[in-house]
Amino acid sequence: MPPGVEVAARAVRTALGAAARGLVDRDVLVDLVALAAVAGEHLLVLGPPGTAKSQAVRRVSRALGGRYFEYLLGRFTEPSEIVGPIDLRRLRDGVIETQTAGMLPDAEIAFLDEVFLGSTAILNTLLSLLNERTFRRGATALAVPLRVCVGAANHLPDDEMLAAFADRFLLRCFVAPVGDAQLEELLEGGWRVERENEAEAASIADLDALAAAARAMGLAAVRPQLAEAVRVLRAAGIALTDRRVVKLQRLVAAAAALDGRVAATDADLWPIVYAVPTAEAQAQAREVLRPILAASANAALVAAAAEASRSPAARAARLVDAARGLLAAGPDGEPAAWRLQLEAIAREIDAGFAADAMPPELAGARAAIVAAIAAARGAPP
C-alpha cells in the first residue's frame, strides 16, 4: 500500500474512534458509514426513533471534515427543500437554475431521515443523486460530490416501488434501543457527548485516497470464497440480486483498503452480512457463513467486523480496541464508572477466551486492565 494510503487509513481510523466515543452500541453504525463512503455505496439504517442514528452520522461527518446535509423527509416535502430553491434572478431571464449551495447536491456526507416518506418527485431526484452522482434541473447540471448518503427509517417498506428504491442502499444496519445492562454507560456517554466538541481527525481527501485504493484493489485471490459465500446464502434461502452480488466486491475492496492492504483476503469477506436486506436474514447469514468468515478482522472497522462474523479474531480485536480506548482515556473524573467498564471488558474476555488459547495481544490488554483496576483501588495488581 502506498505511504499516502497508509497515512489516510490511520487518519480515518482515528476519526472513527473519535466519532464513536460516547455513543453506546453505535460503533457498528459509525464503521459502516466509513465503509460505504470508501466503497462508493450508500447505507440504510433501520430502527425506532431516538436511537442516535442521525447523531452517529453527524459525528462521523464532523470527524472527517466533510460538508454535511441532513433533512427529515415528509409526505409534503418539496424537492426544493433538499436540492435548493430556483434562482429567481435567473428565472426573470427565462432560465431555470437551482441554488444548490448548502443543500444536498453540495454535500459530501448526507443523512435523510424517514427516507421512504418522500414523494415520487423526491425519490426520482434521489435516484439520480444516489446512482449517478448527478443533479439535473432546468439549466442546472452538476456532478455532485456525495461520498455517502445514509437513509433512515423505522422499518423496511412493503410497497414494491419503495422496495426497489431501498435496494439502491447496498448496506443495511439495524439498530435497537440500548439494553438495560448498558443504561449507566448510556447516561454517562450521553452527558459527555453533549459537552464535547468533536475535533476534525481526518479529511475527505483521506476518504478519497482510500476509495482510489479500493478501486485498484486486487480481488482475484478472494473471488472464489466470495462466490462460495453467495452459493451458501442461496442454499439457505437468502437471495441477493445480481446487482448486489457484483457490488459485494466493492465492500470487500473497501474493507481491505481501510485495513491498510493492497490486496483483499478472506479477512475482508465480513461485509457480505451487511448487504443482506433484512435483520432476520442477516442473523441467518452470520450462522451459515460462520466457517467462511472465521478469519474476519479489520483494524479500522473493528466493531463491524466483529458483529458481522462473530469470529474469535474479530472479537479479540474488538476487545483489545475497547480496552486500549478506555485505558488511554483514563477515569476522567469518574473513577468508579471507569473501573466498572474495565471490569466488564475483563469479564467478556474471560467468558470468550480460555487462558491458554488467548491471543497474545488480548492477553496483554487483559493484564493492563487488571493492573489499572488494582491501581484504581489502591491495591497491588
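The values are calculated or read from the model by the stated rules, or taken from the named source; none is laboratory data. Keep in mind it's a predicted model, so treat the numbers as computed, not measured. Positions of Cβ are backbone-derived with ideal geometry, glycine not excepted, and every protein chain shown enters the neighbour counts. To get the accessible areas, we keep the full protein, side chains included, count just its heavy atoms, and leave off ligands, DNA and RNA. Shrake-Rupley method; radii C 1.70, N 1.55, O 1.52, S 1.80 Å.
Tabulated data for the structure shown
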read-out: Of all residues making up region 29-68, the number that are within 14 Å of Asp206 (Cα to Cα) and among the polar types (S, T, N, Q); value: 1
read-out: Qualifying residue in region 187-198 (condition: modelled with pLDDT of 90 or more and loosely packed, with under 15 Cβ neighbours inside 10 Å); value: no
read-out: Scope region 132-166; condition part of a loop (DSSP other than H, G, I, E, B) and over 23 Å from Ile204 (Cβ atoms); matching residues; value: Gly138, Ala139, Asn154, His155, Leu156, Pro157, Asp158, Asp159
read-out: Selection from region 151-174 of residues that are among the aliphatic types (A, V, I, L, M) and buried (at least 20 other Cβ atoms within 10 Å of the Cβ); value: Ala152, Ala153, Leu170, Leu171
read-out: Residue in region 221-240 that is touching a residue at least 60 places away in the same chain (Cβ under 8 Å) and under 20 Å from Ala164 (Cα atoms) present; value: no
read-out: Any chance Phe76 is touching an Asp or Glu at 6+ places or on another chain (Cβ under 9 Å), aromatic (Phe, Trp, Tyr) and free of Cβ contacts under 8 Å to residues at least 60 places away in the same chain; value: no
read-out: Qualifying helices (runs of 4 or more DSSP H) (wholly inside region 58-131; at least 1 residues being within 30 Å of Val12 (Cβ to Cβ)); value: 80-83, 120-127
read-out: Qualifying positions in region 95-133 - more than 18 Å from Leu44 (Cα to Cα), modelled with pLDDT under 90 and in contact with a strand residue (DSSP E or B) (Cβ under 7 Å, 6 or more places away or on another chain); value: Ile96, Glu97, Thr98, Thr100
read-out: First in region 294-319 and outside any helix (DSSP H, G or I), second anywhere and of a type in the set (Val, Ile, Thr), Cβ under 8 Å, 6 or more apart; value: Ala295/Thr265; Ala300/Val12
read-out: Evaluation of Gly65 against (1) open to solvent by 30 Å² or more (accessible area, probe 1.4 Å); (2) of a type in the set (Gly, Ala, Ser); (3) over 30 Å from Met217 (Cα atoms) (one fails), failing number; value: (3)
read-out: Residues of region 274-290 that turn out to be open to solvent by less than 30 Å² (accessible area, probe 1.4 Å) and aliphatic (A, V, I, L, M), as a count; value: 5
read-out: Region 291-309, residues that are farther than 19 Å from Pro359 by Cβ and open to solvent by 30 Å² or more (accessible area, probe 1.4 Å); value: Pro291, Ile292
read-out: Meets criteria (over 26 Å from Asp158 (Cβ atoms) and surrounded by 21 or more Cβ atoms within 10 Å (Cβ to Cβ)) for Val115; value: no
read-out: Residue match in region 29-44 (condition: at pLDDT below 95, small (Gly, Ala, Ser) and part of a helix (DSSP H, G or I)); value: no
read-out: Odd one out for Leu342 among (1) open to solvent by less than 60 Å² (accessible area, probe 1.4 Å); (2) touching a residue at least 60 places away in the same chain (Cβ under 8 Å); (3) part of a helix (DSSP H, G or I); value: (2)
read-out: Unique residue being touching a Lys or Arg at 6+ places or on another chain (Cβ under 7 Å), among the hydrophobic types (A, V, I, L, M, F, W, C) and modelled with pLDDT of 85 or more when the list is Ala281, Ala306, Ala297, Ala368; value: Ala306
